[in-house]
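First up is the structure itself, then whatever we jot down about it.
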């Protein structure tokens, strides 16, 4: 399938387009600056009119589905709203998670003092994330998150609320980037050299989507391979933080 630096086309037909989005790319046009690259416009250049079904944060990589006609858009949107879509994310979080499997059932509310943020609140909407540990490191854990609900920043806020924020998340966590010097002992830079981060965006990847085809009703399942920075992070953690 087609690769470029901004997205990879995984599958398409007359009704849907499934893509693996790169980190740093907007899902939809920016409200203020329409010139910033975004997936909807990029896909419309290739396929004609595109309808947006769901979104990923700019910094989150991974799988997305778009509709190619109003009927497919309506059908897919209903599947998302009625929680019929199986959405799996992989995340590297800070700290050691002991439990192998558990639920995070914490209601979430748009922050009244900052509408771009989400906060845990008893007054919020129901939010449920099912978590399974995939791999443990000395300072971090690779987890699989199944989103039962799809609240704004749900995984990021839920992980932060249980004390294990994403390893890189400057809003809900502690790091803007992750460096080798964070874990390698006796890490020395040459004079005048500046350390480059292993990863400098959210350590969150939309790994798989399962839904029914809007026309044929066939159950479809797609996965998106890890991008280079995510793979590099796991490689470094395996080497230095076992």
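Overview of values
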{"quantity": "Residues of region 49-87 satisfying the condition of being without any contact (Cβ under 8 Å) to a residue 60 or more places away in the chain and not in a helix (DSSP H, G or I)", "calculated": "49, 50, 51, 52, 53, 55, 58, 66, 68, 69, 82"}
{"quantity": "Subset tally (residues that are surrounded by 12 or more Cβ atoms within 10 Å (Cβ to Cβ) and out of contact with any strand residue (DSSP E or B) (no Cβ under 6 Å at 6 or more places or on another chain)) for region 23-35", "calculated": "4"}
{"quantity": "Tally of residues being surrounded by fewer than 16 Cβ atoms within 10 Å (Cβ to Cβ) and on the phi < 0 side of the Ramachandran plot across region 192-219", "calculated": "11"}
{"quantity": "Number of positions in region 97-123 that are under 18 Å from residue 145 (Cβ atoms) and either in contact (Cβ under 8 Å) with a residue 60 or more places away in the chain or surrounded by 14 or more Cβ atoms within 10 Å (Cβ to Cβ) (or both)", "calculated": "8"}
{"quantity": "Per-region count, region 1-17, residues within 23 Å of residue 203 (Cβ to Cβ) and surrounded by 19 or more Cβ atoms within 10 Å (Cβ to Cβ)", "calculated": "2"}
{"quantity": "Candidate set: region 3-15, residues that are in a strand (DSSP E or B) and either under 17 Å from residue 226 (Cβ atoms) or touching a helix residue (DSSP H, G or I) at 6+ places or on another chain (Cβ under 6 Å) (or both); chosen: the one modelled with the lowest pLDDT", "calculated": "3"}
{"quantity": "Pairs, first free of Cβ contacts under 8 Å to residues at least 40 places away in the same chain in region 189-205, second exposed (fewer than 10 other Cβ atoms within 10 Å of the Cβ), C-beta under 9 Å, six or more apart", "calculated": "195/189"}
{"quantity": "Candidates 192, 150, 173, filtered to the one that is farther than 19 Å from residue 64 by Cα and either touching a strand residue (DSSP E or B) at 6+ places or on another chain (Cβ under 9 Å) or at pLDDT 95 or above (or both)", "calculated": "173"}
{"quantity": "Failed condition for residue 145, given (1) under 19 Å from residue 108 (Cα atoms); (2) modelled with pLDDT under 95; (3) surrounded by 16 or more Cβ atoms within 10 Å (Cβ to Cβ)", "calculated": "(2)"}
{"quantity": "Odd one out for residue 178, checked against (1) more than 19 Å from residue 59 (Cβ to Cβ); (2) surrounded by 17 or more Cβ atoms within 10 Å (Cβ to Cβ); (3) touching a strand residue (DSSP E or B) at 6+ places or on another chain (Cβ under 6 Å)", "calculated": "(1)"}
{"quantity": "Matching residues in region 199-230 - criterion: being under 22 Å from residue 91 (Cβ atoms), in a loop (DSSP other than H, G, I, E, B) and in contact with a helix residue (DSSP H, G or I) (Cβ under 6 Å, 6 or more places away or on another chain)", "calculated": "none"}
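The values are calculated or read from the model by the stated rules, or taken from the named source; none is laboratory data. Predicted model only: the values in this text are computed from it and were never measured. For neighbour counting, all protein chains shown are included, and Cβ atoms are generated from backbone atoms with ideal geometry for every residue, glycine included.
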